[in-house]
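A quick write-up on the structure given underneath.
Values quoted throughout were computed directly from the atomic coordinates according to the rules given, and no laboratory measurement underlies them. Just so we're clear, the structure is a prediction, and the values are computed from it rather than from any experiment. Backbone-built Cβ (ideal geometry, glycine too); neighbour counts: all protein chains shown.
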């Protein structure tokens, strides 16, 4: 089935996006973000999970987490493009919250068909924050990779690279059984679960590895069905993470262009020089490409599933390269001040570095895309 | 993926069906002589005549000039040309030959000419009867287009024109030319005036057309010399001194950022069953599978696979960005996407040609005149031709200035 001309982005989606933009503009200016997450510059600073829980409560009350929960589960039932628009706005302010992790988890829950998953979706619509615990120690993004075992309704082992683990109310865990991979819901506050925070570059999120020792869990997807569910959900997840990078890329572009209009050297504002002007135009072109592909990938999930993987891999590859490039040029063109902790650019630079590799970097996705379009190499 | 279902009005859907049915019955088939990669390279009169016949039949059927008023040879139906274009591309028709006429001269005349001149010139332009060419560039006016030296001097109700234009595609077939001239030496930008001029009837009488040969060995463009060439004042567009403003209408349409959609049909797919389209990144996949490398094929080489995917992603990205450019809710600034179009598409085209060269390996040395050349030698030719795209209509460097200044608000280079 072909895609709608407008990417399925109608009036309701635009209204949600505009409301999010306004909310972020009012509540998340970069100076406040910097004061919040970058108050301690010391390299050996304690690992902290910093976020504004009151702001998060407002967001859940505004229904953003309910947006993409199906109506049957108590949500609003909006398409994936709505989640992509929210992620783009969150990226534009480098928002520290479990929003992206919850949207990604929602995409997995939407592919499960159990009553337990429906209940979990209802809880998300009601404001519960979720995160995916699906990656093994080697950092594999394969749908069946995990270092967690499930036996008799309890989990043992460790999940790695869990995003915003310290902010999540529940974890969606991929675990191995004798009959294949299943999906499980776990309350991370119980004593059988230990969250070990990672020391990471990005200041706008937290990440952890999570240890399970006989942790009781609710089965969301039966053994043997988990990998296929993750596989179906992954294009939407890639589109969402790509959109986060698109938003951050746009902030880096506009902020650097603004700086190039005010910073004077050789009696001219530096944006006059083509060595600055032309690479900034290249950043803009790359942001636009990544944005278009992210929306096209989301629309494919909603309307054209056969092309979802292709467009999602294109989006993540384009967005990852753009993330690296936009961050790199932003620091360089800010010159000496861009190299300092006090300039806000580093917050976005670090978020781009993080998102670049999350769920697979550009080289990874291009290799998979080549397998899809060219067949495997001999 | 880009056509079919849609938030399409009843009129649009009905017109799409009409185009599809008409094209099924009236596709012109295979040309009697080979046609080059682009209309700008046409040199055989027989090929031009055949393509003009095709344009005329498409025009008579209402597939060309759809968005123009019925007074000017159009159908007076707003926003339907895009649908006709999509259906012509889908039907793999050959291209329409009057490319400068429809893409540049037509919209400029439509927005700036006198009423009687519109009625006189637009119908034979849209039908393809009159081929048009563009007289903008000069030996000293390339990227610095406003540095025009061709001079038009007023003489009663006429103008006397002297000067030298270059890179004039299709001038050897053209009846008419759009012409940018200097009418005052006092002011660089406000000293320009824009004319439409009948060059064919003046050949040997003030107008000389000489071919220029490109790096491919192909022709298609010319230099045009004016010596006391007399033009009636009615063929002046807009006011004396308003030439730069009028030229901006032309350039916006040339770069795909104008108000009117240019009628455009398919490409070279009509030539033969397995003809390659050297400007399509997906074509590199087949090329790689057919190109030996290290005892396997280029399609098994990890680095080349990565490079091919980069181009496929850029091409798909451009397509999706053009699509997004038509969705108001998903663009922040109305000029940002249209102004990228020419820059991005020409550079993708160039990089496809360059990568094909690497994929083909030693055999990339074989050109179109060698029977063993991979893909008929079309890739090396397309690569060389691609510089037309990155240089003409404002070089890539000028395009980046325009984008940086108009969209990002950076200080002007001049």
What distance in nm lies between label points placed 7 Å from Cα along the C-beta direction at residue A:137 and residue B:245?
7.4
So what's the angle, to the nearest 10 degrees on a 0 to 90 scale, between helix A:362-374 and the longest Cα principal axis of chain A?
70
Could you work out how far helix B:115-127 tilts from the main Cα principal axis of chain B, as a 0 to 90 degree angle to the nearest 10?
30
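For the protein assembly as shown, what is the mean residue ellipticity at 222 nm derived from helices alone (per DSSP H run of n ≥ 4: -39500 (n - 2.57); sum divided by total residues; nearest 500 deg cm²/dmol)?
Numbers: 22 runs with 343 residues, N = 792.
Rounded to the nearest 500, the figure is -14500 deg cm²/dmol.
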Spin-label zone in region A:170-201 - amide nitrogen under 16 Å from a point set 7 Å from the Cα of residue A:156 along the C-beta vector
A:175-179, A:192-194
Length gained when the stretch residue B:92-residue B:294 is fully extended (0.36 nm per residue, less Cα-Cα span)
69.1 nm
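Could you give the length gained by full extension between residue A:268 and residue A:116, i.e. 0.36 nm per residue of separation minus their alpha carbon distance, to one decimal place?
Working: separation 152, 0.36 × 152 = 54.72 nm, distance 6.31 nm.
Stretched fully, the residue A:268-residue A:116 segment lengthens by 48.4 nm.
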Inter-chain shielding metric for A:4-11, i.e. average beta-carbon neighbours from other chains within 10 angstrom, reads 5
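Test of understanding: ordering B:391, B:285, B:131 by Cβ neighbours within 10 Å, fewest first, what list do you get? List each step's numbers first, then the result.
On the way: B:391 17, B:285 21, B:131 26.
Lowest count first: B:391, B:285, B:131.
Sorted by average packing, counted as other Cβ atoms within 10 angstrom per residue and highest first, what order do A:236-247, A:318-329 take?
My ranking of the peptides, most packed first, is A:236-247, A:318-329.
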Global form of region B:173-304, assessed from the alpha-carbon gyration tensor, a/c cut-off 1.5:
prolate
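Within 10 Å of each Cβ of A:282-295, how many other protein chain Cβ atoms are there on average?
Working: counts 3, 1, 7, 12, 2, 1, 11, 9, 3, 6, 13, 7, 1, 6.
If you average over the peptide's residues, the count of other-chain Cβ atoms is 6.
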Mind checking the angle between helix B:45-60 and chain B's longest principal axis? C-alpha axes, 0 to 90 degrees, to the nearest 10.
80
If each part is reduced to its alpha-carbon centroid, region B:351-412 and region A:165-184 end up apart, in Å, by 50
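In percent, how large is the relative contact order of chain B, given Cα pairs closer than 8 Å and 6 or more residues apart?
Values: 740 pairs, mean separation 58.6, N = 414.
This gives 14 percent for chain B.
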Multiply the residue separation of residue A:169 and residue A:35 by 0.36 nm, subtract the distance between their alpha-carbon atoms, and state the gained length in nm to one decimal.
45.7 nm
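For region B:90-235, which semi-axes, largest first and in whole Å, follow from the square roots of 5 times the eigenvalues of its Cα gyration tensor?
On the way: eigenvalues 114, 76, 43 Å².
Semi-axis lengths for region B:90-235 are 24, 20, 15 Å.
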In terms of the ratio Rg/(2.2 N^0.38 Å) built on C-alpha atoms, what value belongs to region A:58-191?
1.04
Quick check on the exposure proxy: order B:33, A:84, A:210 from fewest to most C-beta atoms within 10 angstrom.
B:33, A:210, A:84
Percentage of interatomic Cα-Cα distances in region A:199-356 larger than 19 Å
62
Over the Cα atoms of chain A the radius of gyration and the largest Cα-Cα distance (Dmax), both in Å, equal 20.5, 73
Enter the mean number of other protein chain beta carbons within 10 Å of the beta carbon of each residue in A:302-313, as an integer.
1
Just to be sure I understand the model, the point goes 7 Å from the Cα along the line to the Cβ. What's the resulting residue A:19 to residue A:189 distance in nm?
2.7
Could you check which residue among B:311, B:125, B:63 shows the biggest mean-square fluctuation in a GNM of chain B with a 10 Å Cα cutoff?
B:311
Simple spin-label model, 7 Å along Cα-to-Cβ: residue A:342 to residue B:230 in nm?
7.5
Over the Cα atoms of chain B, compute the convex hull volume and normalise it per residue, giving Å³.
152
Test of understanding: ordering A:107, B:248 by Cβ neighbours within 10 Å, fewest first, what list do you get?
B:248, A:107
Which whole number of Å³ per residue matches the convex hull of the alpha-carbon atoms in region A:1-42?
108
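Could you work out the percent of alpha carbon pairs in the protein assembly as shown separated by over 51 Å, rounded to a whole number? Kindly include the intermediate steps, with their values, before the conclusion.
Values: 71184 of 313236 pairs.
So the pairs more than 51 Å apart make up 23 percent of the total in the protein assembly as shown.
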Here FRET efficiency (C-beta to C-beta, residue B:155 to residue B:69, R₀ 25 Å, nearest 0.05) is 0.15
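Please compute the Kirkwood hydrodynamic radius of region B:89-160 from all pairs of different C-alpha atoms, in Å with one decimal.
Details: mean 1/r = 0.0681 Å⁻¹.
Hydrodynamic radius (Kirkwood, Cα only) of region B:89-160 equals 14.7 Å.
I need the peptides A:219-232, B:229-242 ranked by packing, meaning the mean over residues of other C-beta atoms within 10 angstrom, with the highest value on top. Before the final figure, lay out each step's value.
On the way: A:219-232: 19.9, B:229-242: 17.9.
Per-residue mean Cβ counts within 10 Å order the peptides as A:219-232, B:229-242.
When each pair of different Cα atoms in region A:130-242 is counted once in the 1/r mean, what is the Kirkwood radius in angstroms, to one decimal?
In region A:130-242 this quantity evaluates to 13.9 Å.
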Relative contact order (percent, whole number), region A:292-378, Cα cutoff 8 Å, 6+ residue spacing:
30
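Return the tail of the calculated pair distribution for region B:1-106, meaning the percent of Cα-Cα pairs more than 16 Å apart. Provide the component values of the computation, followed by the final result.
On the way: 3320 of 5565 pairs.
Cα-Cα pairs in region B:1-106 separated by more than 16 Å: 60 percent.
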